[in-house]
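The values are calculated or read from the model by the stated rules, or taken from the named source; none is laboratory data. What you see is a predicted model; the values in this text were computed from it and never measured. Here the Cβ positions follow ideal geometry from the backbone for every residue, glycine too, while neighbour counts run over all protein chains shown.
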Amino acid sequence: RKEVEQDPGPFNVPEGATVAFNCTYSNSASQSFFWYRQDCRKEPKLLMSVYSSGNEDGRFTAQLNRASQYISLLIRDSKLSDSATYLCVVNRLWGKLQFGAGTQVVVTP
Amino acid sequence: GAGVSQSPRYKVAKRGQDVALRCDPISGHVSLFWYQQALGQGPEFLTYFQNEAQLDKSGLPSDRFFAERPEGSVSTLKIQRTQQEDSAVYLCASSPRTKEETQYFGPGTRLLVL
């Protein structure tokens, strides 16, 4: 079983709609959590950190549920430019990041 | 400012050939990481340097893989006797401090072994 699991999608989302997806992690000792965004044939880029209290960054909201060991990402008012693969990332030690395989989001006009 | 750079961007190797992949981290960054990303998968950790010290190499898939960072800046990932299963994108990332969590990724080297 992989340490970080995600629904691969694709999630096909009309422009302006809301989309949400989760990931689960298996190691309860995980210390910090992130969402990265990866465009096709590009490197991953940090989208946002995820905190237990939940946090927002513009149209993006991330939540962490430590008891159930899942992380969620919600995108409101989707833009065409939000089309990408979203990687759920867990940090257990000093920076040794564990990545999920990614959730593909396709925003359509 | 300059980000993480990697070279070459693309490499085609014949099976059995040795390859060397270079990473130039952001200037002054203490931590450097190598990841391997297979098609359709997320990046997988290979190894970690703090300055010139290789503190974790638990992710290196075999003893054909070797990484170094002799002066604590530029790093090289070497793969000896390449195999087809080594075909992947090799990503380098750096971060400013030892426990800094934000990692800045380079564009990757796309390796194809024929």
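All conditions but one from (1) modelled with pLDDT under 95; (2) surrounded by fewer than 16 Cβ atoms within 10 Å (Cβ to Cβ) apply to A:LYS79; the one that does not is (1).
Can you pull out every residue in the stretch B:66-87 that is in a strand (DSSP E or B) and either charged (D, E, K, R) or buried (at least 19 other Cβ atoms within 10 Å of the Cβ) (or both)? Lay out the reasoning, then the answer.
The initial filter retains those residues of the stretch B:66-87 that are in a strand (DSSP E or B), namely B:66-68, B:75-79.
Scanning the stretch B:66-87 gives B:ALA67, B:GLU68, B:SER75, B:LEU77, B:LYS78, B:ILE79.
Among the conditions (1) away from every other protein chain (no Cβ under 14 Å); (2) within 13 Å of the chain's Cα centre (by Cα); (3) closer than 20 Å to A:GLY102 by Cα; (4) not basic (Lys, Arg), the only one that B:TYR35 does not satisfy is (1).
If I filter the stretch A:29-47 for residues that are more than 14 Å from chain B (Cβ to nearest Cβ), touching a Ser or Thr at 6+ places or on another chain (Cβ under 6 Å) and touching a residue at least 12 places away in the same chain (Cβ under 8 Å), do I get at least one hit? Reasoning before the result, please.
To start, the set of residues in the stretch A:29-47 that are more than 14 Å from chain B (Cβ to nearest Cβ) comprises A:29.
Then keep just the ones that are touching a Ser or Thr at 6+ places or on another chain (Cβ under 6 Å); that gives none.
Scanning the stretch A:29-47 turns up no residue that is more than 14 Å from chain B (Cβ to nearest Cβ), touching a Ser or Thr at 6+ places or on another chain (Cβ under 6 Å) and touching a residue at least 12 places away in the same chain (Cβ under 8 Å).
Checked against the criterion of being under 24 Å from A:GLN38 (Cα atoms), within 10 Å of another protein chain (Cβ to nearest Cβ) and of a type in the set (Phe, Trp, Tyr), the stretch B:85-106 contains one or more residues that satisfy it.
Taking the stretch A:49-62 as the range and being surrounded by 12 or more Cβ atoms within 10 Å (Cβ to Cβ) and modelled with pLDDT of 95 or more as the test, the residues that pass are A:ARG59, A:PHE60, A:THR61, A:ALA62. Within the stretch A:92-101, the set of residues being at the interface with chain B (Cβ under 9 Å from one of its Cβ atoms) and out of contact with any Phe, Trp or Tyr (no Cβ under 7 Å at 6 or more places or on another chain) comprises A:LEU93, A:TRP94, A:GLN98, A:PHE99, A:GLY100, A:ALA101. Of the residues screened, A:VAL106 is one that is away from every other protein chain (no Cβ under 14 Å), surrounded by 15 or more Cβ atoms within 10 Å (Cβ to Cβ) and part of a strand (DSSP E or B).
Output the residues belonging to the stretch B:88-104 that are at pLDDT below 95 and either assigned to a loop (DSSP other than H, G, I, E, B) or touching an Asp or Glu at 6+ places or on another chain (Cβ under 8 Å) (or both). Selection gives B:SER95, B:PRO96, B:ARG97, B:THR98, B:LYS99, B:GLU100, B:GLU101, B:THR102, B:GLN103. When the residues of the stretch B:52-65 are narrowed to those that are assigned to a loop (DSSP other than H, G, I, E, B) and away from chain A (no Cβ under 14 Å), which ends up nearest to B:GLY3 (Cα to Cα)? Of everything passing the filter in the stretch B:52-65, B:GLU52 is nearest to B:GLY3 (Cα to Cα).
Mind telling me which of the residues B:GLY42, B:GLY28 ends up being within 30 Å of A:SER49 (Cβ to Cβ), part of a loop (DSSP other than H, G, I, E, B) and more than 13 Å from every other protein chain (Cβ to nearest Cβ)?
Residue meeting the stated conditions: B:GLY28.
Could you list, in sequence order, all residues of the stretch A:83-103 that are outside any strand (DSSP E or B), more than 18 Å from B:THR102 (Cα to Cα) and in contact (Cβ under 8 Å) with a residue 60 or more places away in the chain? Quick ask: steps written out before the conclusion?
Of the residues in the stretch A:83-103, the ones outside any strand (DSSP E or B) are A:83, A:92-96, A:100-102.
Retained after the next criterion (residues that are more than 18 Å from B:THR102 (Cα to Cα)): A:83, A:101-102.
If the condition is that a residue be outside any strand (DSSP E or B), more than 18 Å from B:THR102 (Cα to Cα) and in contact (Cβ under 8 Å) with a residue 60 or more places away in the chain, then A:ALA101, A:GLY102 are the ones that fit.
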